[in-house]
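The values are calculated or read from the model by the stated rules, or taken from the named source; none is laboratory data. On a predicted model such as this, the values are computed, not experimentally measured, just so you know. In this analysis, Cβ positions are derived from the backbone assuming ideal geometry, glycine residues included, and neighbour counts consider all displayed protein chains. Only protein heavy atoms, including side chains, enter the accessible area calculation; ligands, DNA and RNA are left aside. Shrake-Rupley method; radii C 1.70, N 1.55, O 1.52, S 1.80 Å.
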Amino acid sequence: MKKIDLKILKVMLISGANNLYNHHYEVDKLNVFPVPDGDTGTNMNLTMMNGIKALESKEFKTFKEFGKEFSRGLIMGARGNSGVILSQIFRGFFHEFVHNKDYADMKILKPADILKALIQAKDFAYKAVMKPVEGTILTVIKDGANKVNEECIDEKDPLIVFQTLLKAMQESLTLTPALLPILRKVGVVDSGGAGLVYVIEGMVYGLKHNKPMTVNKKLSPENNKFNFSINNEEEFGYCTELIVKLNQMNNPDFDLGKTRTDLEGMNGQSLVVVEDQNLLKVHIHTLQPGDILNYLQKFGDFLTVKIENMTEQAKAHQPSITGPRKLKNQSALIAFVPGKGIDVFFREQLNVTETIFYSNKVNPSTDDILRTIAKVDAKVVYILPNDSNLLLTAEQAKKLEKKSKVFIIPTVNIAQGMRSALSFNSSLSSKENNRIMSNEIKNVNYGYLSIADRDVEIDDVNIKKDNYITAGTFKNHPKLKILASNKDLNIPLKKLLAKILWNSAEIITIFKGRTATDNEVAELTKMLEDNYDIEYEFVDGQQNVYNFLFVVE
């Protein structure tokens, strides 16, 4: 019969975190919308790893100390809605051990204790969400907790309890498409629920074998069982751009395709390789720029070489907090932004005090938000999440912030963020600003154009991989809706503009993404000029995934 003491519990959690890490790319790909912005697995992985980091190199004498440290690590590292819910599940699990004096001298975690802790875990998860939706991670933890409390009430072996829990969660996960129609239509299970199952699966392994699952050091987005493609562009490393003058004498049979394949095999991301007469132009994000230079040098002479350390650039944007907070500013606005150009726009055009970057792969943590709140050092702070996946993390930071009064304006896209920021008035009270800024998000339309990364049918739109796809939110339809998809750019664009432009609309702001081409800009410009009497402005947003983001006011 197995026993769970503090040492084994630590092994179990490390094993759960390792198993989630090994599968987090798979979880990312369980994305409902057919654009490569799935980040549930990554968010849960980073959240879990932050909890494990809090346990490293520490010896604990009580379950109270252990649970308090692990829960705090999870909460501070929580990223995205899925990460916040995961942190709350474990916070609930450890709640009694941390706060109930009856557990002060506990040395062994008994099955009866586990059953009670799982019910608390379920309750905390549901409380974390304002409007709980079944067919999600919430259902998976609920079904698992209820099942073990039905079947294991007299069980003495904790391994059997956790095995029963895992089986119940696996069964619940397979049923999530029956509870959430969009999952059934797309043909996937809930991503957050899948991430949780991987955690519990790893914990069962750790308990059974008295050692953690090993980490797959060769993990990549492609070595998993799902077939969906993904854009795994990382924000960090070295951005390497160069032009090589090809030496035709030494390389008369230069093969562009082989060169591209070789570079892809060197762990590069965001790869662009173009041959223009006798010039080879290369753009790549890599952790080892020297290897790229050595490889390309054999083809000729370098005309230009530019290497930028993106890791250090990113660090420069991290809040640096020194000294005590004096709340010297009356108010401040903090906005989440998905691109460097959008960052500049929000700071310079909308007078936002500070921004926090997020991408399709990495969301800010609770700690990132708290550090930014501290940096602005204001009595009142208004936060514009600008993405539905960041709302819970922002709310978590609000609960933990002790000095500034924080208002979360429920903006779920940059259009709402723009409108809300523009309506801020420093002469009004904080409550009045909160009311106005929250109401104003209803008076703006939003849309995007991207490239579909798989075949699927959503909102009665038949979507094919690599075709253009448009979606938007507009009057009487505040929830994002897929509008059209076609290989011809003009067809989905026309459908989008017809929905998001209204007769009295004054201006449309278009944020151009990294993948947008000059030809696409030209076609969009022509469509606006020929068909609409409206002022428009292009902004180089530099966001990933979305060729264009549209804001209509």
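For this structure, a couple of remarks:
- Highest-first packing order for the peptide set 15-23, 115-123 is 15-23, 115-123, based on the mean count of other beta carbon atoms within 10 Å.
- Relative contact order for the chain, counting Cα pairs under 8 Å that sit 6 or more residues apart, in percent: 13
- Its Cα centre serving as origin, the chain has a Cβ charge dipole (Lys and Arg +1, Asp and Glu -1) of approximately 2300 debye.
- Eligible aspartates and glutamates near Lys110 by straight Cα distance, threshold 16 Å, same-chain separation 8 or greater: Asp5, Glu96, Asp102, Glu151, Asp154, Glu155, Asp157
- Accessible surface for the chain, divided over its residues, is 47 Å² per residue with a 1.4 Å probe.
- For the listed residue pairs Lys326/Lys442; Lys306/Lys398; Lys127/Lys479, the alpha carbons are over 30 angstrom apart in Lys326/Lys442; Lys306/Lys398.
- All lysines inside 24 Å of Lys218 as judged from Cα atoms, apart from same-chain residues fewer than 8 positions distant: Lys29, Lys53, Lys258, Lys361
- Among Val461, Asn519, Met203 the positive-end extreme of the charge dipole of the chain (Cβ point charges): Met203
- Extreme residue, positive dipole direction of the range 379-502, given options Gly472, Asn439, Ala415 (C-beta unit charges): Asn439
- Centroid-to-centroid separation of the range 44-91 and the range 499-553 [C-alpha atoms, Å]: 43
- Vicinal HN-Hα couplings computed from phi for the range 102-107 (Karplus, 6.51 cos²θ - 1.76 cosθ + 1.60; Hz; Gly/Pro x): 5, 9, 4, 9, 5, 10
- Sorted largest first, extent of the chain alpha carbons per principal axis (Å): 74, 67, 54
- Here the 3J(HN,Hα) profile of the range 347-355, calculated from phi with Karplus coefficients 6.51, -1.76 and 1.60 at θ = phi - 60°, is 6, 8, 8, 10, 6, 6, 6, 9, 10 Hz, Gly and Pro shown as x.
- Assigned charges on the beta-carbon of Lys, Arg, Asp, Glu; the range 60-161 dipole about Cα centre (debye): 500
- Atom-type composition of the exposed protein surface of the range 98-195 places 55 percent of the accessible area on carbon and sulfur (1.4 angstrom probe).
- Cα gyration tensor shape for the range 397-442, rounded if a/c is under 1.5, else prolate or oblate: oblate
- Most to least packed among 533-541, 394-402 [average Cβ atoms within 10 Å]: 394-402, 533-541
- Prolate/oblate/rounded call for the range 88-174, Cα gyration tensor, a/c under 1.5 rounded: oblate
- From phi via Karplus (6.51, -1.76, 1.60), per-residue ³J(HN,Hα) for the range 540-549 in Hz, x at Gly/Pro: 6, x, 6, 7, 7, 6, 9, 4, 9, 10
- Within the same chain, aspartates and glutamates fewer than 8 places from Lys185 are excluded, and of the rest, those with a Cα less than 13 Å from its Cα are Asp455, Glu457, Asp459, Asp460.
- Amide H within-cut-off set for Leu246, under 5 Å, with H built and near neighbours excluded: Leu279, Leu280
- Nonlocal amide H pairs with Phe548, under 5 Å, H built at 1.01 Å: Leu449, Gly513
- Cα gyration tensor category, rounded, prolate or oblate, for the range 454-553 with a/c compared to 1.5: oblate
- Protein-only accessible surface order, largest first, of Arg371, Arg184, Arg419 at 1.4 Å: Arg184, Arg371, Arg419
- A cut-off of 5 Å between modelled amide H atoms, ignoring neighbours fewer than 5 places along the same chain, links Asp540 with Lys512.
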